[in-house]
1. Looking for whichever is more than 24 Å from Pro105 (Cα to Cα) and surrounded by 13 or more Cβ atoms within 10 Å (Cβ to Cβ) here; the options are Val145, Val133, Val121. Which one fits?
2. Assess whether Ala83 counts as being open to solvent by 10 Å² or more (accessible area, probe 1.4 Å), under 14 Å from Phe102 (Cα atoms) and of a type in the set (Gly, Ala, Ser).
3. Given Thr159, Thr177, which one is assigned to a loop (DSSP other than H, G, I, E, B) and under 21 Å from Thr24 (Cα atoms)?
4. I'd like the residue in segment 43-63 that is among the aliphatic types (A, V, I, L, M) and not in a helix (DSSP H, G or I) and, out of all such residues, is most open to solvent (accessible area, probe 1.4 Å).
5. Among the residues of segment 144-160, write down those that are more than 24 Å from Glu58 (Cα to Cα) and either of a type in the set (A, V, I, L, M) or touching a residue at least 60 places away in the same chain (Cβ under 8 Å) (or both).
6. Scanning for something modelled with pLDDT of 95 or more, in a loop (DSSP other than H, G, I, E, B) and within 24 Å of Pro27 (Cα to Cα), does segment 142-150 turn up at least one residue?
7. If you take the residues in segment 121-162 that are polar (S, T, N, Q) and more than 18 Å from the chain's Cα centre (by Cα), which one is nearest to Gly70 (Cα to Cα)?
Amino acid sequence: MRVVNMVTGAAKGVGSAVGIRTGTEEPRYEVQAKTHGLEVRRYGPRIAAETTVHGDEERARDVGFRRLAGYIFGSNGSKSTIAMTAPVSQAGASDDSSVIRFYMPSKWAMEDLPDPADRSVELVEIQGETLAVLQFSGVRSRAAVAERTAELLRTLESTEWIAIGPPVAWFYDPPWTVPIRRRNEVAVPVAAR
């Protein structure tokens, strides 16, 4: 059995290097529209573990990821392990910081999740929302995310949708995934004009 688990783990590792995603839960959504290369999605309520990190975006993503990974890998009140999900979310805050989020698996309710041991990690409920999403592959540098976010907002001007909140970046693959095979997205809350 141990050999089978090792082979399965190795296969998943190799698969993730080339962008093959298996067994990782993502928040459910319904596609409401496809327009001008964008997808407009309706997400239901969900729960996230989040942390705020000061500094540049790439450092914030790294530090935030480690804090949140600590939480789901047992740095919590009950020492419970919580399954990893995708995407990792990053949103800019007003004071040169980023809010990094892991969405919790759908089987968990807020009252059942263990309290984070790290006080810089908190659990938040996210209301249902409609988002316009632009998918892209490649690097996820600050410049790449800024360029795609600008493209998303420009493209929205030609549609029946209007941005009603700040944009967010989502990253679905580990850093070792070949950049051309990575799934990245930028999203912004929208309403019909």
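1. Val145
2. The answer is yes for Ala83.
3. Residue meeting the stated conditions: Thr177.
4. Ile47
5. Thr155, Leu156, Ser158, Thr159, Glu160
6. No: zero hits.
7. So in segment 121-162, the residues polar (S, T, N, Q) come out as 127, 130, 135, 137, 141, 149, 155, 158-159.
From the residues that got through so far, the ones that are more than 18 Å from the chain's Cα centre (by Cα) too are 155, 158-159.
Working: Thr155: 38, Ser158: 42, Thr159: 41 Å.
The selected residue is Thr155.
Quick grid of which residues meet (1) closer than 18 Å to Tyr29 by Cβ; (2) in a strand (DSSP E or B); (3) modelled with pLDDT under 95:
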position: Arg41; (1), (2), (3): yes, yes, no
position: Phe65; (1), (2), (3): no, no, no
position: Ala69; (1), (2), (3): no, no, no
position: Ala83; (1), (2), (3): no, no, no
position: Gln90; (1), (2), (3): no, yes, no
position: Ile100; (1), (2), (3): no, yes, no
position: Lys107; (1), (2), (3): yes, no, no
position: Glu111; (1), (2), (3): no, no, no
position: Val124; (1), (2), (3): no, yes, no
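The values are calculated or read from the model by the stated rules, or taken from the named source; none is laboratory data. In this text the structure is predicted, and so the values were computed from the model without any measurement. With ideal geometry, Cβ positions are generated from the backbone for all residues, glycine too; neighbour counts draw on all protein chains shown. Remember, those area values only see protein heavy atoms, side chains included, never the ligands or the DNA or RNA. Shrake-Rupley method; radii C 1.70, N 1.55, O 1.52, S 1.80 Å.
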